[in-house]
Amino acid sequence: MTTPEPPDASAEQWARFLDALERACGECGGTGLVRSVRWRAWHERAGELIRVAQAAQRAADLSHAAQAPPAETEVPTVVLAIERAIDEHMRTRPDEPEQQPCPACRGTGRVLTGFGRRLSEVLARHGFVRQGDP
């Protein structure tokens, strides 16, 4: 029977030290990926069109409900125009990947803390090589 090894105090200290050097990136939430600018704009426009279409449809439904005799339901011109705009927008999808490496963390999902930047500056000052800006 083997007894479990006692926790290594120095390993715990190093783990806490390393944790203090960096944190999850606030731009990408630690995933290392962000939606491209073009895709973000495309999704925002799609959301706007959907909201306008829903409002127009509600207005059309209310106007049909207000009519006394049940008439043949015609789709109002504004609803048709919005549907055409949505169809056109769907054809203008960006031709690039939707997700791109986060520029803030360069795709790592982690950024230096203030303490990490200070350590990086000390190491650079004493001749250690750094890749890119912190």
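Considering every residue within segment 117-129, establish whether at least one is open to solvent by 90 Å² or more (accessible area, probe 1.4 Å), touching a residue at least 12 places away in the same chain (Cβ under 8 Å) and of a type outside the set (Asp, Glu). Yes, there is a match, as at least one residue in segment 117-129 is open to solvent by 90 Å² or more (accessible area, probe 1.4 Å), touching a residue at least 12 places away in the same chain (Cβ under 8 Å) and of a type outside the set (Asp, Glu).
Scanning segment 80-97 for residues that are open to solvent by less than 40 Å² (accessible area, probe 1.4 Å) and part of a loop (DSSP other than H, G, I, E, B) yields a total of 1. Only residues that are of a type outside the set (Asp, Glu) and without any contact (Cβ under 8 Å) to a residue 12 or more places away in the chain were counted in segment 13-27, giving 6.
Looking only at segment 60-74, decide whether some residue is among the charged types (D, E, K, R) and at pLDDT below 70.
Residues of segment 60-74 that are among the charged types (D, E, K, R), as a first pass: 61, 72, 74.
Cutting the leftovers down to at pLDDT below 70 gives us 72, 74.
Yes.
Looking at this structure, is residue 57 open to solvent by 60 Å² or more (accessible area, probe 1.4 Å), out of contact with any Ser or Thr (no Cβ under 6 Å at 6 or more places or on another chain) and at pLDDT below 85? When the stated conditions are applied, residue 57 passes them.
The values are calculated or read from the model by the stated rules, or taken from the named source; none is laboratory data. In this text, all values refer to a predicted model and were calculated from it rather than measured experimentally. Heads up, the Cβs are rebuilt from the backbone with ideal geometry, glycines too, and the neighbour counts pull from every protein chain shown. To get the accessible areas, we keep the full protein, side chains included, count just its heavy atoms, and leave off ligands, DNA and RNA. Shrake-Rupley method; radii C 1.70, N 1.55, O 1.52, S 1.80 Å.
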